[in-house]
Amino acid sequence: MIMCAWASLVVIGEEGFKARVKLIMDATRDVAKGVSQIKGLQLLGCDPLPHAMIVCFAPSDGADLDIYQVAENMNRKGWSLNSLQNPASIHLCVTLKTVKHKDRFIKDLKDVVEDLLINPVEKKEGSSAAIYGATGAMPAGPVNELLKVYTDVTLSC
């Protein structure tokens, strides 16, 4: 991994690296601003803008919105968001690929949130929304044991 990073820097140089970082950070700020304007969502960890290429958001106070269902619906639109717990939230890691599509991301997110606020979806058994919702409500002990078993089974296959 370190060799790949080194080779990339040799090819693009320091100025190329700085130019790419600027593109990513500008896009991250644009996405954060867009998310902050969507009814039903609030930004997390931004004061007022992100300091890294991550935009994290959760339902705003009083919003009846299943954030994990937002992630699932965004996944159907081709977006890969990471689910988080405590508080229930999701985040986007902005990359060079995201830079070109940031406006589409904001539009897709706005459409998904508006639709879920009007037409909430009941959690389906086995969906990631149901799994995250259930584990977020459990105490840490059983969740830790479940994760150990899951990791053991996954790595033994």
**Request:** Kindly list the number of the only condition in (1) in contact with a Leu (Cβ under 6 Å, 6 or more places away or on another chain); (2) modelled with pLDDT under 95 that fails for ALA134.
**Result:** (1)
**Prompt:** Given the residues ALA52, ALA58, ALA63, which is the only one that is at pLDDT below 95, within 17 Å of VAL112 (Cβ to Cβ) and small (Gly, Ala, Ser)?
**Reply:** ALA63
**Scope segment 96-113; condition within 29 Å of SER8 (Cβ to Cβ) and open to solvent by 60 Å² or more (accessible area, probe 1.4 Å); matching residues** = LEU96, LYS97, LYS100, HIS101, ASP103, ARG104
**Asked** For segment 1-44, how many residues meet the condition of being of a type in the set (A, V, I, L, M, F, W, C) and over 23 Å from HIS101 (Cα atoms)?
**Response** 10
**Fill in**
Going through (1) open to solvent by less than 20 Å² (accessible area, probe 1.4 Å); (2) within 14 Å of the chain's Cα centre (by Cα); (3) not small (Gly, Ala, Ser) one by one, LEU116 fails only at (2)
**Complete:** If we ask which residues in segment 74-95 are modelled with pLDDT under 95, in contact with a strand residue (DSSP E or B) (Cβ under 7 Å, 6 or more places away or on another chain) and in a loop (DSSP other than H, G, I, E, B), their number turns out to be 2
**Request:** Return a yes/no flag: does segment 52-72 have any residue that is surrounded by fewer than 14 Cβ atoms within 10 Å (Cβ to Cβ) and under 23 Å from MET25 (Cα atoms).
**Result:** yes
**Prompt:** Among (1) under 30 Å from PRO87 (Cβ atoms); (2) touching a helix residue (DSSP H, G or I) at 6+ places or on another chain (Cβ under 9 Å), which single condition is ASP61 missing?
**Reply:** (2)
**Request:** Select from segment 1-41 the residues that are closer than 30 Å to ASN119 by Cβ and part of a loop (DSSP other than H, G, I, E, B) and write down the one among them that is most open to solvent (accessible area, probe 1.4 Å).
**Result:** LYS39
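The values are calculated or read from the model by the stated rules, or taken from the named source; none is laboratory data. This one's a predicted model, so the numbers in the text were calculated from it and none came from an experiment. In this analysis, Cβ positions are derived from the backbone assuming ideal geometry, glycine residues included, and neighbour counts consider all displayed protein chains. To get the accessible areas, we keep the full protein, side chains included, count just its heavy atoms, and leave off ligands, DNA and RNA. Shrake-Rupley method; radii C 1.70, N 1.55, O 1.52, S 1.80 Å.
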